[in-house]
Amino acid sequence: QSIVVEPLAYYQGENSIVWYLASLDPSAGYSWPQPASDTVYSVTVSNVVIAGSPRSFSYQVKVFDPYVPGPDAAAAELAGPDSVPVGSPTTYGLSPLGDVTTFEWIEGAASLLTAVEGADTDLGPFVADITPGYDPRAQKPKFQYSKCYLLTHVAPVPGDEYLTHSGTLLPGAGAALNFECRVSNATEWQEGQVQVSLDDGTSWETLYRRTGWYDEENDFWGDLWFNPVTVSLAAYEGRLIRVRFVYHYIAGNGHSYYPWNPDLTWHNGIGFYIEDVAFENVQLLGEVSSHETDASTGVVFTPPVAGSYALAARGLLFGEYPLEWGPARLVTAAGEAPLSVSFDGVPSVAAGTFKATIRLSRSQPGATILVERASSAGGAWATDGQAIVTTLESGLRYQVSAPASGGAGFLRVRVP
C-alpha cells in the first residue's frame, strides 16, 4: 500500500506513519470501542530504504482499557477497629502505595437504601444529563396517569443520555440493583445501559445492556412491555461506587436510530424507559467529609454521634492526582460524646460584674455548674464562692455572673 506524506503544519508533530483497522475510515470521526480484553496487533513495515538498502521492521501494539486495573494494581487500605466510641479520636493506619506520600480520606454516615424510586413526583436521587428537547420524567407508555424515567435520542445528532444516582454507594455481600425497563422504538444501534464507577465518575464500566431489536411477530422495533432486571453489584462489595443509567447510540455509517417524537409516545414510547429502581444490601453515604493526610499520620476519625459510618482512602499522586478509592470500612460508633460547655453569645463585663450565657453540648438534667477562678490560666483553680448560676433551660442553658473587680483574673465554667 502506498504511503501519503501529509504536508507539514503548525501545531503538529513531524511526519510519521500510522496504521488503522481496514474497517475504519480515518477521515471520519470514530471512537475506538472499549476492548473486552487486551488485544495485541502485529505490525510489519517492509521495504524501508535506509542508506540505499531495503529493511523491514516488525513490532506489536497492545490495545488495552486504561480503566481496567492490571495485576500489579494496589489501592489504599485502612487498618483499625470496627467499633469506636463517640467523640473520641481513633487512628487508622494506611497501607503504603509506591511513591504516594499524600492521601485523601472521606467519612460519611451510612444507611441502608430501602426506597423504591420512580418519577411520579420528581427525579428523586437521580440527576439527568440530557439533550434539551424532552422531559426525563415521562408518561409511562400505556399508563396515561403514571410517570417513569426516560432517556431518549434527539435529532439531528443523537448523543449519549445519562441519569446518574447522586449518592455515593457502598454495596455489601450479595448487593444488587433491581429495576424495570423497556427500550421502545429502538434499533440495534440504540442501547440502554447500567454503568458503575469506582473513581467518582472519571471512568465507567458497563454492567448491563439492552439494545433495540426487531419483533417480527408484532412488527415492532424494541420492547412492548416493561422487563424486570437484576444487576449484581456483588463484585463491588466494600467499594465506594457511583451508578448511572445510559441510553447509548452506537455511532457508525448507516447506523439508524429512532429520534424522540412527542407526538408518538402515548402507546409504546420512544427510548429507554426505567421505573421501580431499588437496591439490595447497598449503603448510602450521607454528607461526606473529605480530608488530606500522610502515611505517617494515618486517618484520625472522631464520630460526632452514634451510628454507622463508612471510611475510605485513596492516594494522591504528586499530592493532587487522585487514584482509585480503596476498600471502604464500615465502622460503628457507640456511646455519647463527652459533655462540653460553650458560650451562647458574647460574654460581657459591666458595673464590675462578668456575665455570660453558657450552653451544654447535650441535655444533662440535674447538671452541676461549677464556676472557678484563678490568677493565671495555668494556676491553681478554686471555686468562686461569689458566682451566681441561673437556670435558663434546665440541663442545657445557664447564665453565669461573677464579680469582675479586684484586678486581673481568670474564670472558667466546668461540669463535673
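I need the full set of residues from region 147-182 which are surrounded by 14 or more Cβ atoms within 10 Å (Cβ to Cβ) and polar (S, T, N, Q), in order please.
Thr152, Thr164, Thr168, Asn178, listed by residue number.
Could you check Arg362 against (1) free of Cβ contacts under 8 Å to residues at least 60 places away in the same chain; (2) of a type in the set (D, E, K, R); (3) part of a strand (DSSP E or B) and say which number it fails?
Of (1) free of Cβ contacts under 8 Å to residues at least 60 places away in the same chain; (2) of a type in the set (D, E, K, R); (3) part of a strand (DSSP E or B), only one is false for Arg362: (3).
Just checking, does region 303-318 include any residue being small (Gly, Ala, Ser) and free of Cβ contacts under 8 Å to residues at least 60 places away in the same chain?
Step one: list which residues in region 303-318 are small (Gly, Ala, Ser), which gives 306-308, 310, 312-313, 315.
Checking which are free of Cβ contacts under 8 Å to residues at least 60 places away in the same chain leaves us with none.
No.
In contact with a His (Cβ under 9 Å, 6 or more places away or on another chain), of a type outside the set (S, T, N, Q) and surrounded by 14 or more Cβ atoms within 10 Å (Cβ to Cβ): does that describe Val331?
no
Looking at region 107-156 only, could you name the residues that are outside any loop (DSSP other than H, G, I, E, B) and under 30 Å from Thr332 (Cβ atoms)?
Glu107, Gly108, Ala109, Ala110, Ser111, Leu112, Glu117, Phe126
List pairs: first residue in region 196-216 and in the same structural domain as Arg239 (by TED's automatic domain parsing) and acidic (Asp, Glu), second residue part of a strand (DSSP E or B) and crowded, with 16+ Cβ neighbours inside 10 Å anywhere in the structure, Cβ distance under 8 angstrom, at least six positions apart or on different chains.
Asp200/Arg242; Glu205/Gln195; Glu205/Val196; Glu205/Ser197; Asp215/Trp221; Asp215/Gly222
Among all residue pairs at least 6 apart or on different chains, which show Cβ distances below 6 Å where the first residue, located in region 229-240, is in contact (Cβ under 8 Å) with a residue 60 or more places away in the chain and the second is in a helix (DSSP H, G or I) and of a type in the set (S, T, N, Q)?
none
Whether any residue in region 365-374 is basic (Lys, Arg), touching a residue at least 12 places away in the same chain (Cβ under 8 Å) and farther than 30 Å from Pro85 by Cα is what I want to check.
yes
With the structure loaded, tell me whether Asn227 is more than 30 Å from Ser308 (Cα to Cα), at pLDDT 90 or above and among the polar types (S, T, N, Q) or whether it fails that test. Give the derivation first.
Numbers: more than 30 Å from Ser308 (Cα to Cα): yes; at pLDDT 90 or above: yes; among the polar types (S, T, N, Q): yes.
When the stated conditions are applied, Asn227 passes them.
Output the strands (runs of 3 or more DSSP E) that fall wholly within region 182-241 and possess 3 or more residues being of a type in the set (Val, Ile, Thr), or say none.
227-232
Out of region 246-295, which residues are hydroxyl-bearing (Ser, Thr, Tyr) and not in a strand (DSSP E or B)?
The answer is Ser256, Tyr257, Tyr258, Thr265.
Restrict the check to region 263-270 and report whether at least one residue is farther than 30 Å from Pro33 by Cβ, free of Cβ contacts under 8 Å to residues at least 12 places away in the same chain and surrounded by fewer than 13 Cβ atoms within 10 Å (Cβ to Cβ).
Taking every residue of region 263-270 in turn, at least one turns out to be farther than 30 Å from Pro33 by Cβ, free of Cβ contacts under 8 Å to residues at least 12 places away in the same chain and surrounded by fewer than 13 Cβ atoms within 10 Å (Cβ to Cβ).
Hey, Tyr321 hits all of (1) closer than 21 Å to Arg239 by Cα; (2) touching a strand residue (DSSP E or B) at 6+ places or on another chain (Cβ under 7 Å) but one; which does it fall short on?
(2)
Taking into account only those residues within region 377-410 that are surrounded by 11 or more Cβ atoms within 10 Å (Cβ to Cβ) and among the small types (Gly, Ala, Ser), which is modelled with the lowest pLDDT?
Gly379
Using the structure shown, decide if Ser232 is out of contact with any helix residue (DSSP H, G or I) (no Cβ under 6 Å at 6 or more places or on another chain), hydroxyl-bearing (Ser, Thr, Tyr) and modelled with pLDDT under 90.
Answer is no for this residue.
Of the residues Ala278, Ala310, which single one is under 30 Å from Thr90 (Cβ atoms), assigned by TED's automatic domain parsing to the domain that holds His153 and at pLDDT 95 or above?
None of the other options fit; the residue is Ala310.
Criterion first (modelled with pLDDT under 90, surrounded by 11 or more Cβ atoms within 10 Å (Cβ to Cβ) and outside any strand (DSSP E or B)) does Gln12 satisfy it?
So Gln12 fails the test.
The values are calculated or read from the model by the stated rules, or taken from the named source; none is laboratory data. In this text the structure is predicted, and so the values were computed from the model without any measurement. All Cβ positions, even for glycine, are placed from backbone atoms using ideal geometry, and neighbour counts span all protein chains on display.
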